[in-house]
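Structure first, then comments.
Readers should treat all values here as calculations from the given coordinates under stated rules, not as data from a laboratory. No experiment lies behind these values; they were computed from the predicted model shown. Methodologically, a virtual Cβ is constructed for each residue, glycine included, from the backbone with ideal geometry; neighbour enumeration extends over all protein chains shown.
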C-alpha cells in the first residue's frame with residue numbers, strides 16, 4: 001500500500017432528472033416515470049427507481065420502455081431546471097472543498113484530504129454533504145469514498161440508492177482483487193471478452209500479469225491496466241477540467257432518405273452548434289459528423305483543419321465535404337455534429353494534497 005494517499009469522495013445524485021420531476025410535481029412521487037420523448041423515436045433520458053424495477057433504463061427506446069412498464073409516465077426533460085438544481089448542489093460541495101471536479105450535472109469528485117470544515121473522516125464529510133442536499137434541496141444522493149477517483153466511483157454503486165460506501169486504504173487491495181474486470185475504467189465489452197479469453201475475470205487475475213505481457217496483449221492500454229489494478233495511477237481531482245468537445249444532434253420522427261434532406265437538417269444542427277460554441281467561448285480544429293442509420297448502425301466522418309473555428313460559415317462547408325465524400329445508401333434516423341480538438345486555455349496548477357497514511361480515513 002502506498003504511503004501517500006488522498007481522501008476522495010464521489011457523489012452521484014440518485015435518478016437525478018426523474019427525481020427532480022418528482023420533487024417539483026407531487027403527483028409523480030412514487031410512480032414509474034421516464035424523462036424523455038414518448039414518440040416511436042423517443043429515447044429514455046432517465047428513469048425513476050420505480051420504473052427501473054421493471055427494467056426501464058436510460059438510452060432505452062421509449063417504445064420498449066412502455067412495453068415492459070405499462071404504467072410508465074413520460075415527462076419532457078427540463079434541462080434549465082436540472083442545471084439550476086445542479087448549481088445548488090455544487091454550492092454545497094464548495095462549502096467543504098474547492099477541489100470539485102464535475103463529471104456531469106448529477107455527479108462529481110471531491111478531494112477532501114484537506115477540507116474547509118477540518119473534518120477528519122472523509123465518510124463524515126460525505127454524510128454531511130448528502131444530508132445537506134436532502135435538507136436544502138429535497139433530493140437523495142449516494143457516495144463512494146476511497147483513495148482515488150476510480151475506487152470511489154465504483155464504491156458509489158454498492159449502497160445505491162441513498163447510501164454510501166467507504167473503501168478504507170487497508171481494504172483497497174482486496175476490493176480491487178474481487179472486482180469484476182468489466183468494472184475497471186477503460187475495459188469495455190470487447191476488451192473484457194479478450195481478457196476473459198486470457199483467464200482474466202477479476203482484479204486478482206489481472207494483477208498476475210506483468211506490464212510486458214499486458215502491453216503485448218493490449219498495446220498502450222496495457223500500461224493503464226497494470227497501473228490501475230495496483231492503484232499506481234492516481235489522477236488528482238481537477239477543478240479546472242477542460243471540455244473536450246461541443247456537439248449537437250437530432251433524432252428524426254421520420255427517416256431521411258436523401259442527401260438534400262440530410263444537408264438541410266445538418267444546417268439546422270449547425271446553427272444550434274454555433275450558438276453552443278459562442279456560449280462556451282469555444283473554438284476547435286476537428287469537425288465530426290455522426291450518422292445513425294435506420295438499422296441502428298452508426299458511422300462517423302471527421303476532418304481536422306489547421307486553424308481554430310467556431311462559426312457555422314466556417315465549419316458547414318467541411319460538413320458538406322464529409323457528406324459528399326462518400327454516398328449514403330441507407331435511411332438516416334439521427335444526425336449529429338461535434339467539434340473537438342478545442343483551443344486550450346491556460347489552467348491554474350492544482351496543489352497536490354498528498355499526506356502520510358493515517359487510520360482516520
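Quick notes on this one:
- Distance (nanometres) between label positions extended 7 Å along Cα→Cβ at residue 212 and residue 63: 5.5 nm
- If you bin all the Cα-Cα distances of the stretch 1-49 at 10 Å, starting from zero, the percentages per bin are 22, 35, 18, 12, 11, 2.
- Solvent-free Debye scattering, log10 I(q)/I(0), computed from the Cα coordinates of the stretch 4-155 at q = 0.14, 0.17, 0.21 Å⁻¹: -0.71, -0.93, -1.19
- Between residue 254 and residue 79, full extension at 0.36 nm per residue minus the direct alpha carbon distance yields a gain of 60.5 nm.
- Computed over the alpha carbons of the stretch 179-237, Rg followed by Dmax gives 10.6, 34 Å.
- Inter-centroid distance (Cα atoms) of the stretch 107-129 relative to the stretch 14-61, Å: 30 Å
- Annotation: average projected area of the chain is 20.5 square nanometres, based on the convex hull of Cα atoms across all directions.
- Restricting the calculation to Cα atoms, the stretch 16-78 yields a radius of gyration followed by a Dmax of 10.1, 28 Å.
- Ellipticity at 222 nm from helices only: DSSP H runs of n ≥ 4 in the chain, each -39500 (n - 2.57), divided by the residue count, give -10500 deg cm²/dmol.
- For the pair residue 299 and residue 235, label points projected 7 Å from Cα toward Cβ lie 3.2 nm apart.
- Label-point gap, in nm, between residue 307 and residue 340 - each point 7 angstrom along Cα→Cβ: 2.4 nm
- For the listed peptides 47-54, 290-297, 98-105, a ranking on the average number of other beta carbons within 10 Å per residue, highest first, reads 47-54, 98-105, 290-297.
- Here 217, 80, 10 are placed in order of increasing Cβ neighbour count within 10 Å, fewest first, which gives 80, 217, 10.
- For the stretch 245-342, the convex hull drawn through the C-alpha positions has a volume of 86 cubic angstrom per residue.
- In plain terms, the chain from residue 326 to residue 118 could stretch by 68.9 nm, reckoned as 0.36 nm per residue minus the Cα-Cα distance.
- As a proxy for reagent exposure, 252, 16 were ordered by neighbouring Cβ count within 10 angstrom, fewest first; the result is 252, 16.
- Whole-number percent relative contact order across the chain, with pairs defined as alpha carbons under 8 Å at least 6 apart: 16 percent
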